[in-house]
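First comes the structure, then the notes that go with it.
The values are calculated or read from the model by the stated rules, or taken from the named source; none is laboratory data. Everything numeric in this text was worked out from a predicted model, so none of it was measured. When we count neighbours, we look across all protein chains shown, and the Cβ atoms used for this are built from the backbone with ideal geometry, even at glycine.
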Amino acid sequence: MTDLTGIVVTGSNNVFLVETPDGALRRCAIKGKILRGLEGYYNSLAPGDRVRMEPDAFREDQGSILGMEDRRNLFWRWNEKGKSVQAIAANLDLVACVASARLPPFRPRFVDRVAVTTELENLPLLIVLNKSDLGADPGTEERLADYRRIGYEILTCSAREGRGVEELRDRIRGLTTAFVGQSGAGKSSLLNALEPGLGFRVGEVSEKYERGRHTTTRSVMITLGDGVTRIVDTPGFRRLAIRGIPRDSLVACFPEMKPLAEGCGYGLACGHQDEPGCSVRAGVEEGLVHPDRYESYLRVRSELDQTLEYAKKSGRPRRDYIDDDE
Ligand code: GDP
Ligand code: ZN
C-alpha cells in the first residue's frame with residue numbers, strides 16, 4: 001500500500017485518529033517508539049499535526065503513523081505532572097480565547113497567559129467575550145479597551161442570544177482555529193451556536209476514538225459543514241502554566257512592554273521587576289503598560305524564576321506557589 005498524508009484529529013499516547021484526504025478517519029498507532037523531534041514532549045502528536053501514514057493492509061479503518069511534517073506552530077501548555085510541554089493543537093491560523101463577561105467573571109490573567117503563548121508561537125489571537133447579554137462591568141470594559149489599545153482583536157458575542165455569532169463564523173471561515181477557554185465561559189455553547197450539533201459531533205469523534213469510554217478531556221479537531229473551516233476544541237483549562245522558555249524571552253511576549261524593554265538601560269540583565277530606573281516600570285507609571293498586565297508579567301516571570309531555582313535545588317518543580325484562581 002502507498003503512504004498517505006493525513007491530519008491528526010484527536011488522540012493521545014500512541015494512538016491517534018487520522019483523517020486522510022478522502023475524508024476517512026483511521027485509528028493509527030505510531031510505528032516505532034517516538035517520532036523524531038518529539039522527544040521530551042508530554043504527548044507526541046496533537047490535533048492539526050500532519051503525518052505520513054500507511055493504511056493497514058487488512059483493516060481499512062486502521063493504519064500506522066510513520067512520521068510528522070514540521071509544525072508551523074503549536075499551541076501548548078506546561079504539564080506540571082509530566083514536567084514537559086503538552087501539545088494542544090498544531091498548525092493553527094488563529095487562537096480564539098473564549099472568555100465570559102460575567103458568571104464566571106472576566107479573568108484577564110488567563111487571557112494574558114493565552115496571549116503569551118500565542119506571541120511565543122507568532123499566532124494571531126482573537127479574544128471572544130461571550131455572555132455579552134449579561135453585560136460587562138466597567139472594570140471589564142476598561143480591561144477590554146486596553147487589550148484593543150495594545151493590538152488584540154476582540155469580538156463580543158452571546159451564544160445564548162446569537163449575537164456576534166455570524167461575525168465569529170465569518171472571522172474563522174477557511175481557517176484552522178483553536179478554541180481555548182476556562183470551563184464555564186461558554187465554549188461548547190458557542191460551538192453549537194456556530195453550527196447546530198457541533199458540540200455533539202465533538203463528543204462523537206472523541207467517542208469513536210475512545211471506543212465508548214466517555215471523556216471530554218482531549219482536544220478534537222472538527223470540520224464545519226462548509227468543508228473548509230476547521231476548529232480545534234480544547235478541554236476547559238483551569239489554568240495555563242508557562243514554563244520551559246528562557247526567562248529573558250518573556251517580556252517580548254507582551255507587545256506593549258517589548259519596545260520599552262528594548263530601551264531599558266539594564267539591557268538583557270534586567271528582569272523588569274524591581275530594578276530602579278527600569279524602562280518597563282517607568283512605562284507602567286506613565287500609563288503605557290496597564291498595571292494588571294504588568295502584574296501578569298511579574299507572575300509568569302516569577303514562575304519561570306522559581307522553576308529554575310527548584311530545578312537547581314532538587315531537580316523537581318514545586319507546586320505550592322501555583323495560584324489556581326488565575
Ligand atoms: P464551557 O464549559 O465553556 O463549554 O461552557 P458551556 O457552554 O457549558 O456554558 C456554561 C454555562 O454558561 C451554561 O450554563 C450555559 O448555558 C451558559 N452560557 C453559555 N453561553 C452563554 C451566553 O452567551 N449567555 C449566558 N447568559 N449564558 C451562557
Ligand atoms: Zn528593565
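Structure notes:
- Some residue of segment 37-44 being at pLDDT 90 or above, small (Gly, Ala, Ser), buried (at least 18 other Cβ atoms within 10 Å of the Cβ) and under 21 Å from residue 91 (Cα atoms): no
- Checked against (1) touching a helix residue (DSSP H, G or I) at 6+ places or on another chain (Cβ under 7 Å); (2) within 16 Å of ligand 2 (Cβ to nearest atom); (3) modelled with pLDDT under 90, residue 261 meets all criteria but (3).
- Filtered by the rule that a residue be part of a helix (DSSP H, G or I) and either away from ligand 1 (no atom under 14 Å from the Cβ) or closer than 25 Å to residue 90 by Cβ (or both), segment 168-191 gives 168, 169, 170, 171, 172, 187, 188, 190, 191.
- Boolean, residue 144 is closer than 22 Å to residue 164 by Cα and part of a strand (DSSP E or B): no
- In segment 252-270, the residues that are crowded, with 20+ Cβ neighbours inside 10 Å and under 28 Å from the mean Cα position of the chain (by Cα): 253, 254, 257, 260, 261
- Close pairs (9 angstrom Cβ cut-off, 6 or more residues apart or separate chains): more than 24 Å from residue 73 (Cβ to Cβ) in segment 95-114, crowded, with 24+ Cβ neighbours inside 10 Å and at pLDDT below 95 anywhere: 100/181; 100/185; 100/186; 104/185; 107/185
- Subset of segment 119-141 (residues that are assigned to a helix (DSSP H, G or I) and touching a residue at least 40 places away in the same chain (Cβ under 8 Å)): 119, 120
Conditions tested, residue by residue: (1) crowded, with 21+ Cβ neighbours inside 10 Å; (2) more than 22 Å from the chain's Cα centre (by Cα); (3) of a type in the set (Lys, Arg).
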{"residue": "61", "(1), (2), (3)": "no, yes, no"}
{"residue": "65", "(1), (2), (3)": "yes, yes, no"}
{"residue": "73", "(1), (2), (3)": "no, no, no"}
{"residue": "86", "(1), (2), (3)": "no, no, no"}
{"residue": "98", "(1), (2), (3)": "yes, no, no"}
{"residue": "104", "(1), (2), (3)": "no, no, no"}
{"residue": "115", "(1), (2), (3)": "yes, no, no"}
{"residue": "138", "(1), (2), (3)": "no, yes, no"}
{"residue": "141", "(1), (2), (3)": "no, yes, no"}
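- Residues of segment 280-297 that are of a type in the set (Asp, Glu) and either out of contact with any helix residue (DSSP H, G or I) (no Cβ under 9 Å at 6 or more places or on another chain) or surrounded by 19 or more Cβ atoms within 10 Å (Cβ to Cβ) (or both): 285, 286.
- Sole exception among (1) outside any loop (DSSP other than H, G, I, E, B); (2) within 13 Å of ligand 2 (Cβ to nearest atom); (3) at pLDDT 90 or above for residue 231, by number: (2)
- Unmet criterion (only one of (1) touching a helix residue (DSSP H, G or I) at 6+ places or on another chain (Cβ under 9 Å); (2) buried (at least 21 other Cβ atoms within 10 Å of the Cβ)) for residue 90: (1)
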